[in-house]
1. Sequence gap at least 6, Cα distance under 8 Å: using those rules, report the relative contact order of segment 1-122 to the nearest whole percent.
2. Could you do me a favour and compute the accessible area per residue for segment 152-230, 1.4 Å probe, result in Å²?
3. Dividing the Cα radius of gyration by the Kirkwood radius, what Rg/Rh value follows for segment 27-74?
4. Quick check: residue separation of Leu111 and Leu267 times 0.36 nm, minus the Cα distance between them. What number comes out in nm?
5. Using θ = phi - 60° and the Karplus curve 6.51 cos²θ - 1.76 cosθ + 1.60, what whole-Hz ³J(HN,Hα) does each residue of segment 80-90 get, with Gly and Pro shown as x?
6. In debye, nearest 20: dipole of the chain around its Cα centre with unit charges on the Cβ of K, R (+) and D, E (-)?
7. So what is the relative contact order for the chain, in percent, with contacts set as C-alpha pairs under 8 Å and at least six apart?
8. I'd like the projected area of segment 96-221, averaged over all directions, using the convex hull of its alpha carbons. Report it in nm² with one decimal.
Amino acid sequence: MKPKKVTKAVFPVAGLGTRFLPATKSIPKEIMTLVDRPLIQYAIDEARSAGIKDFIFVTSRGKSALEDYFDTAPELENALKKSGKEQLLEVLKSTNMDSGAIAYLRQNRPLGLGHAVWCARKLIGDEPFAVLLPDDVIAAERSCLGQMVEAYEETGGNMVAAMEVAPEKASSYGVLDIGEDMGAVVRAKGMVEKPPLGEAPSNLAVIGRYILSPKVLQNLNRLKQGAGGEIQLTDAIAEETGADGTGVYGFRFRGMRYDCGSKAGFLQATVAFGLSRPDLRDEFSAYLHDMIAQLKAAE
């Protein structure tokens, strides 16, 4: 029996973005831009390409700029029309969300990713749903979530995006305990959130893309605080690896993931996305070449 189609997605965007202070004192981290698009736009575009129709944002105080970003801007649109800037007008319209397509919920206490997802339970109901973390930006020929949806249609259950990491970095991630390796897809027999150094069950780490069954929400109902004193989404998913669970699969996606929750990752993504743009590539690459040459000369 084919699993239900995934049409809802949760975007946990309640974090304070302290690693990017002072910029995030006045703007949400998710509005910070890679080249000329904010992080959240990359996540929305990925979700749209995977067939998502309903977008659920779990926010917090000080995030009203996110709501404004996806609203219409009639004054700006009229100005672009009058100036004949049709290309920019189309770019602007692509950021608009239809009325009723997007919902905003408040996470009133910072209790972790599991709690943020749990906050959306009434809007998700009894349907499978996706979770996208905007900090993880993935450059791929076909969107990461789109690849996952295709694989999920064969497996059902729960699916997490996974990538191989160096053993010394595994303690920074949720890590899969692999039961069966089938290539692009692995069946997990367990998951461990931020295992101590040297104790990770594998080097296959979970990153910020998930397709989850509503049973995970039931698990979150009874979960207590886990690693870091937070309610961990990993713990709720791990409960589905047992005999009574719906099953958990890791998916080795094709693409390059950038951790834009860190300054170094954000800068790496900026360079990569800048160089991928035909309108910027030549000038930008020449600048980088000259800068590298100057740094080598100064050594």
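1. Dividing the mean separation by the residue count of segment 1-122 yields 33 percent.
2. Averaged over the residues of segment 152-230, the accessible area is 47 Å².
3. 0.96
4. 53.3 nm
5. Running phi through 6.51 cos²θ - 1.76 cosθ + 1.60 with θ = phi - 60° gives 5, 4, 4, 7, x, 8, 5, 5, 5, 5, 5 Hz.
6. The calculated dipole for the chain is roughly 660 debye.
7. 21
8. Average projection, Cα convex hull of segment 96-221: 9.6 nm².
The values are calculated or read from the model by the stated rules, or taken from the named source; none is laboratory data. Remember, it's a predicted structure, so these values are computed and weren't measured experimentally. No Cβ is skipped: glycine too gets one built from the backbone with ideal geometry, and neighbour counts run over all protein chains shown. Heads up: the accessible areas ignore ligands, DNA and RNA and are worked out on the full protein's heavy atoms, side chains in. Shrake-Rupley method; radii C 1.70, N 1.55, O 1.52, S 1.80 Å.
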